[in-house]
Every structure is written in C-alpha cells, then in structure tokens.
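Chemist: Below you'll find the structure I mean.
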Amino acid sequence: MIASTVQIEELSAEHLALVATWLNEPATNQWLSSDWRNRDVTSTLVAQVLRNRKNRLFLVRAGSVPCGLVALADLDLADKTAMVWYALGDKALSGQGVTTQALRALADLAFRTFGIASLYAWAMAENKGSQKVLLKSGFREAGRLRSSASLGGSQTDRIYFDLLEGELQMR
C-alpha cells in the first residue's frame, strides 16, 4: 500500500490536458468505453464530458501529486444510481493501492453527497487489473454481458460489478 495519502478533488480546467494525456495512453485507452476508445482524447473532449450534468470527474492525488482520475457517469439522481470508472495516469504507482483508495473515496462521496444507493462498473474480461481494483474496493460481480465490447478487433465480454451504500468499507 502506498505511504502517501490518496485524495480526490473535482477536476479543474488546469488538469484537462494532463487527464487527456493519461486517457490517450494505449495501455489505458484500450479498456475505456467506446466513447473514448480508439480516438484522440483532447482536453476539449474531457471538458465537454465534464460539462455534462450526468458526469462528475475527480482528479486523484497521491500526496500532492496528480496521478489519476475517478469518475461518476450516467448519474441518475431519480433512480439513485451511477456508473464509476477510473484511470491511473502514473503507472509507477500501479499495484500500490492508489486506484482502490480513490475509488473508495469516490463511492463514499457518491453515497453521502449525491444520495446514490447503487454504484456499478464494468470491466472487459481480459482486464484483470481493473477487476481486482473493483473487488478490493468492495464491489461484487453482478453479471456478464457476452461479446458486448470490442478489444483489438475482436468481441469480448463485459463483467459488471455493483456496490451498495451499506457495503462500502473504507479500510
């Protein structure tokens, strides 16, 4: 586990280019939804997503250093649901629990601030790292949509995960 404190803060305009750089990395971009995957992610695109009221993007800091992104998408306040997604920008921090801590903080914020009752996420079947982050963050596997995502020119399964407010453990 990383020694630094992991914090999240609302994404501001000053970090749009940095986040776009992270999301453009092929090792990250391949796992994103089709809205982002295989396209040039620019700071303008990130700003457009940020302006949509159904999205909330948060910069992750390890200590004081920006190192990743966690986000709520498809925020539905009537049904009290949202999808989470995330990306670690600083790969030197991989395996140190940064994304797990940030995702827990995001879930706590979603439950407390937005009144969300249920969070969900998906990961491609081949993305074992993302599945591990979700499970360590308290999410549980909820099901599978077969051949529902494109990866490297082939279809693959999406594995869905969910988390209810009472299941969050902040460890």
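The values are calculated or read from the model by the stated rules, or taken from the named source; none is laboratory data. The shown structure was predicted, so the numbers you read here are calculated from the model rather than taken from an experiment. No Cβ is skipped: glycine too gets one built from the backbone with ideal geometry, and neighbour counts run over all protein chains shown.
Chemist: Do the conditions hold for LEU75, that is, is it part of a helix (DSSP H, G or I) and touching a residue at least 24 places away in the same chain (Cβ under 8 Å)?
Modeler: no
Chemist: Could you please give the count of residues in region 69-87 that are touching a Gly at 6+ places or on another chain (Cβ under 8 Å) and at negative phi?
Modeler: Total satisfying the criteria: 4.
Chemist: Among the residues of region 18-41 satisfying the criterion of being loosely packed, with under 15 Cβ neighbours inside 10 Å and closer than 30 Å to LEU77 by Cβ, which is nearest to the chain's Cα centre (by Cα)?
Modeler: Out of the qualifying residues, it is SER33.
Chemist: Let me ask another. So which of LEU11, LEU45 is closer than 24 Å to ASN127 by Cβ and at pLDDT 95 or above?
Modeler: Result: LEU11 is the single residue among LEU11, LEU45 that is closer than 24 Å to ASN127 by Cβ and at pLDDT 95 or above.
Chemist: Restricting attention to region 121-171, which residues are out of contact with any Lys or Arg (no Cβ under 8 Å at 6 or more places or on another chain), buried (at least 18 other Cβ atoms within 10 Å of the Cβ), free of Cβ contacts under 8 Å to residues at least 60 places away in the same chain and more than 15 Å from ASP108 (Cβ to Cβ)?
Modeler: ALA121, GLN131, VAL133, LEU134
Chemist: For region 5-56, give me every one of the helices (runs of 4 or more DSSP H) that falls completely inside it and has 2 or more residues that are in contact (Cβ under 8 Å) with a residue 40 or more places away in the chain.
Modeler: Result: 16-24, 26-29.
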